[in-house]
1. Of the residues in region 69-109, how many are within 30 Å of LEU196 (Cα to Cα) and of a type in the set (Gly, Ala, Ser)?
2. Collect the residues in region 140-177 that are touching a residue at least 24 places away in the same chain (Cβ under 8 Å) and of a type in the set (D, E, K, R), keeping them in residue-number order.
3. With the checklist (1) among the hydrophobic types (A, V, I, L, M, F, W, C); (2) at pLDDT below 85; (3) closer than 29 Å to SER68 by Cα in hand, flag the one item TRP171 doesn't pass.
4. Exactly one condition in (1) surrounded by 17 or more Cβ atoms within 10 Å (Cβ to Cβ); (2) not in a helix (DSSP H, G or I) is not met by SER159; state its number.
5. Restricting the search to region 128-150, which residues are over 14 Å from ILE107 (Cβ atoms) and surrounded by 13 or more Cβ atoms within 10 Å (Cβ to Cβ)?
6. Checking the condition under 23 Å from the mean Cα position of the chain (by Cα) and modelled with pLDDT of 55 or more, which residue from ALA70, ALA44 passes?
7. Given the conditions (1) in a helix (DSSP H, G or I); (2) within 30 Å of ILE69 (Cα to Cα); (3) in contact with a helix residue (DSSP H, G or I) (Cβ under 6 Å, 6 or more places away or on another chain), and given that MET108 satisfies all but one, which numbered condition is not satisfied?
Amino acid sequence: MRRVESLHGLLLGVRAQRPRGAQAGGRGRQPQSVNGPGGAAEGARDFIYSLHSTERSCLLRELHRFESIAIAQEKLEVAPPSTGQLKHVFFHNAVPFVGFGFFDNAIMIAAGTQIELSIGIVFGISTMAAAALGNLVSDLAGLGLAGYVEAVASRLGLSIPDLTPKQADMWQTRLSAHLGKAIGVTIGCLLGMFPLFFLGEEEDKKLDGKK
């Protein structure tokens, strides 16, 4: 059920990225934004197919609740998110991306170095080719690690930001979320460079000796 536990946050994130024409709400909504260039319909369909029956039931209930609140507040004047709420949105988006960036860079560096010192010597693979293969290994590992990173991030006690649907549509919320992701992945990638501390002169000597 972990995929549905953070459903409210997912809805806020998806809603915050919808085009303004689709955020108008109400019965006169037009479906063209769903089938637009962003491929939101295909993404939603893929997500639904990946869920179990109980998870789909939770998703349906949460969607009904979220849209009911949005319709009820459609004509109300809602205050912009407070500084505390924006900080909450920032950290809620930043923490998982710190983990993603860390594992992506660390695995790429470690795998690329080992490929260069083994396969690269035998087949004459260049440093850039070894780095590209290391990136391939990192991407494949990321497919399996993504769920664990999200689970660890959720256990850190960062609750879902308490925002109304209208507040989730505001530019301040979108900006805070995007900044959180950008800064989070930057910090994660910088921390993920730690294998370079262990890949120094010894690896250079091994490489020179094999050449």
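1. Start the filter on region 69-109 by keeping residues that are within 30 Å of LEU196 (Cα to Cα), which leaves 90-109.
If we keep only those that are of a type in the set (Gly, Ala, Ser) as well, we get 94, 99, 101, 106.
Of the residues in that region, 4 qualify.
2. GLU150, ASP162, LYS166, ASP169, ARG174, listed by residue number.
3. Looking at each condition in turn, TRP171 falls short on (2).
4. (1) is the only condition that SER159 fails.
5. ALA129, GLU150
6. It is ALA44.
7. It is condition (2) that MET108 fails.
The values are calculated or read from the model by the stated rules, or taken from the named source; none is laboratory data. Note that the coordinates shown come from a computational prediction; the quantities given were computed from them, not determined experimentally. Cβ atoms come from the backbone with ideal geometry, glycine included; neighbour counts cover every protein chain shown.
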